[in-house]
1. Is it the case that some residue within segment A:139-150 is polar (S, T, N, Q), in contact (Cβ under 8 Å) with a residue 12 or more places away in the chain and within 16 Å of the ligand (Cβ to nearest atom)?
2. Would you mind finding the one in A:118, A:81, A:94 that is crowded, with 20+ Cβ neighbours inside 10 Å and either within 13 Å of chain B (Cβ to nearest Cβ) or farther than 24 Å from residue A:64 by Cβ (or both)?
3. Among the numbered conditions (1) without any contact (Cβ under 8 Å) to a residue 40 or more places away in the chain; (2) open to solvent by 40 Å² or more (accessible area, probe 1.4 Å), tell me where residue B:149 comes up short.
4. Could you check how many residues of segment A:52-73 are within 18 Å of residue A:140 (Cβ to Cβ), of a type outside the set (A, V, I, L, M) and part of a loop (DSSP other than H, G, I, E, B)?
5. Return only the number of the condition from (1) in contact with a Lys or Arg (Cβ under 9 Å, 6 or more places away or on another chain); (2) modelled with pLDDT under 95 that residue A:116 does not satisfy.
6. Being free of Cβ contacts under 8 Å to residues at least 40 places away in the same chain, in contact with a Phe, Trp or Tyr (Cβ under 8 Å, 6 or more places away or on another chain), more than 14 Å from chain A (Cβ to nearest Cβ) and assigned to a helix (DSSP H, G or I) is the requirement here; does residue B:208 meet it?
7. For segment A:60-96, give me each residue that is within 16 Å of the ligand (Cβ to nearest atom) and not basic (Lys, Arg).
8. Filter segment B:299-324 down to the residues that are among the hydrophobic types (A, V, I, L, M, F, W, C) and surrounded by fewer than 22 Cβ atoms within 10 Å (Cβ to Cβ) and list them by number.
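The values are calculated or read from the model by the stated rules, or taken from the named source; none is laboratory data. In this text the structure is predicted, and so the values were computed from the model without any measurement. A quick note on method: Cβ atoms are made from the backbone with ideal geometry, for glycine too, and the neighbour counts reach across all protein chains shown. The accessibility values were calculated without ligands, DNA or RNA, using every heavy atom of the protein model including side chains. Shrake-Rupley method; radii C 1.70, N 1.55, O 1.52, S 1.80 Å.
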Amino acid sequence: MTDRCLWERMLVGGTAALLVAAFAAMPAWRGMPQAAFESESMDATRFSAGYDAMVARYKVGETEDGLPIVRPPPGDVYVAAERWRFRPLLELQAGQSYRLHVASQDILHGIVVDGHEALLVPGQAALLTLTPTGPGSMSMVCSEYCGLEHNKMRSLITVLEKE
Amino acid sequence: MVKGEAAVLGQDAVGIGREIEPRGWTITGVSLSPALRAELYGWALLAIGSLAMAGALALLLVLSRVPQTQVLLPWSWQSFFYTALVTHVILSFVVWFLAVLGAFTVLVTAASGGARRWSPLGPLGMGLSVVGGVLLVVPALLNIGEPELNNYVPIVVHPLYYLGLALVAVGVALAVVRMLANPGGLRGCVGFAVGVAGLCYLIALVCFALAGLSLPAGLDLATLNERLFWGGGHILQFVNTALMLAAWTAIAEQAFGKPPVSPALFRVALGSMVVFALAGPVFYGLFDILSLEQRLAFTGLLWYGLALPPIIVGSGLTVMLIRRRAEILDSAAAQGLAISLAVFVVGGVMGFFLGASDARTPSHYHAAIGGVNLAFMVLFVVVILPALARNVRGALAWRSIHLYGWGQLVFSLGMFVAGAAGVPRKTMGAVAQGIDSPLKKVAMGVYGLGGVAAVIGGVLFIIVVLSYLLARKDSAHD
Ligand SMILES: [Cu+2]
């Protein structure tokens, strides 16, 4: 033990210090950034009413599997999560601000959009203020395992040039 | 290598791995009593049997997708597909690793010396696990139960499957407890790493239990199984990592006569894993079982706790391999070690370039798991089979390891390039998934070739090791 080189002792000590530092940093996770999403008290009836009104007014088409394609104006936008899709298919404008209300229609889902994540507890809604940048697309992905086709539960928001 | 050479190796100019462990502290070349040998045989058979069954299911999965062969199956392929997939995953990612843990506990117990305590737990644990392993396969073969592809521990919702899982879990726990009750063997580096794997395993079981107790009634089966196995499943990755480091160290001791880093550094690195794993059960008190925080806390735990130990031991191994490169050409074990390290490092580096939803994510997992698999494959050839009085002759076993390793490397790199070029995740191999650019095509082709090589290597390895296990042991060895 006595003939151990100095650098080796430093290596052991340094490693131990690094590990302790990493461990000490753990409470910081609790404040991890997921602040962008807020939970809101919106019951299922109000959500459905908002959703139906939005689709009725701003529907511009339909996909092959009957998913409505909706181009809402800036403001309130409703997204329903259900096994294994998000509806409707959204077309938003770059540079405009949208209040995205997302709610699960069946079981626990998750949503990741624009780098923000929320868990979608049935009976509650999650709210995110979203301002798409340049034209292109944004992905909306389910982040909580919700059944065999969970991996297919993703949708692309089309971002259009600002009018 | 002869143990007497240790003194010469000890004069190595640089400090890494300078301390030589006293004879008896290492598990290589340890001699087993007939009772312990029978236990080790059971674990080895469970490990290789799981891989063989997983391979057979993979073949059925492929057949069930081809219209010409679909008709040969006794069930409709749609319902069979996911059940078989779940069983394939549980055998090749959970039972295989846990059986290696079981085998390691026997070797470490054998190195403990002196009178042994709680000996009946050993064969009991092994027996329960083997029975459990068999039960796990029954639902897939009878095509019963509802499959769930939840993370880490996928489930076929059927009593036989849950019973099988519980028997495997309890069996391995008994083997771990018996090892911890005879702590003499834990003093060596390999023994220490296996001890860490064992403790982390028990912590994972505590997490499963806490999750089970805190889950509310009336949940959907998908959510129930996902959240039941989420935390403990993460802690099981600590177990797998510790086992890989134990295997690397055992192989290094065999090939070079010493551990990859000094025992003190090794203990700090591995010991930290237990400290991090202990945070797991605490999370169940801090966060709601169904919350986002609960999920992110365990993901964070892997990032914080599981990066440094493989980097430390892997760096030591790299230094060792470079310094002793002249010996590598003559040592099959050293070559196996080098391939395992290379594949694992490639996977680890890829982990830093993850593109959220393209093919780079699975390429990271494939390479990391490939590296772990390779470590265990080499362990079987240089430690476990010899300890079972079955010395591997001929080059076939080593060729299969090389084929698997190089194939896995090419496969992961090709998949990574394809992902970086924009091929989406989970649709690999599908026709017309935007595979248009020449780069994507070449990457997909290379990835396919590597995959085929890896599959052939893996199948060959299973056949070779199984034939050694089922053959009579070397008479000269006793
Ligand atoms: Cu979902």
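1. yes
2. A:118
3. In the conditions (1) without any contact (Cβ under 8 Å) to a residue 40 or more places away in the chain; (2) open to solvent by 40 Å² or more (accessible area, probe 1.4 Å), residue B:149 misses (1) alone.
4. Residues in segment A:52-73 being within 18 Å of residue A:140 (Cβ to Cβ), of a type outside the set (A, V, I, L, M) and part of a loop (DSSP other than H, G, I, E, B): 4 in total.
5. Just one mismatch for residue A:116, condition (1).
6. Against the criterion (free of Cβ contacts under 8 Å to residues at least 40 places away in the same chain, in contact with a Phe, Trp or Tyr (Cβ under 8 Å, 6 or more places away or on another chain), more than 14 Å from chain A (Cβ to nearest Cβ) and assigned to a helix (DSSP H, G or I)), residue B:208 qualifies.
7. Scanning segment A:60-96 gives A:67, A:79, A:80, A:81, A:82, A:84, A:86.
8. Within segment B:299-324, B:302, B:303, B:306, B:307, B:308, B:311, B:319, B:321, B:322 qualify.
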